[in-house]
Amino acid sequence: MGPWLSLVLLGTAIAGYAWMMPRPTGGGKEPEFAAEAAYDRLLEDLENENRELVDAVAKFKREQDDTVQKLNRRVMEMEQQLKDLQQRSSDNAVIAIEKPAEPAAAKAAQPEANTAVQPASVIADEDTSAPLTLDEISLPPTTVRGRYPELMTLHDRGRSVDQIAKAMRLNKGEVQLILQLVRREEEQHA
């Protein structure tokens, strides 16, 4: 027997053994099942994340609605206070008009103690000849620009952040933050 015959017999034996071995059933279905399971899990994860996002957005909307309602109530209260103030001011003006004028002789007879400095509240109650207007009432500035007029003047003149920081004795970061807040505020009101 030659070497080629032993190779042929050996090859035939291997082929016969391979033919007799049991074959796996379902061939390629296992990887397909694993891919389908992974896809299903991905879909479930996406649905859960979407639900969480929807819940977060709903919570944010509720918070915003609550804030808007509070602000609306506050605006209504402030308008009512303004109406009351205007009503009191006009009532005081009517009382001042109805009060008879004192004769000059009676004023001269009054002691000098009446001309002493009076508290501002007394002066405000006596001087009610005209109702107060919104221009006369000094309210604290409600805008960022109103809170930092010097800084904004320097910025409007074209000064750099470094120059403004040195002049105002602030940090550069503070100046930049204030300028960003002013820009944001102006964008919102524009």
Query raised in the report: Does the range 169-178 include one or more residues that are modelled with pLDDT of 90 or more and more than 26 Å from the chain's Cα centre (by Cα)?
Result: yes
Report summary line: Screening Ala130, Ala101, Ala120, Ala124 for residues that are of a type in the set (Gly, Ala, Ser), over 43 Å from the mean Cα position of the chain (by Cα) and modelled with pLDDT under 65 leaves only Ala101
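The values are calculated or read from the model by the stated rules, or taken from the named source; none is laboratory data. Keep in mind that this is a model prediction, so the values were computed, not measured.
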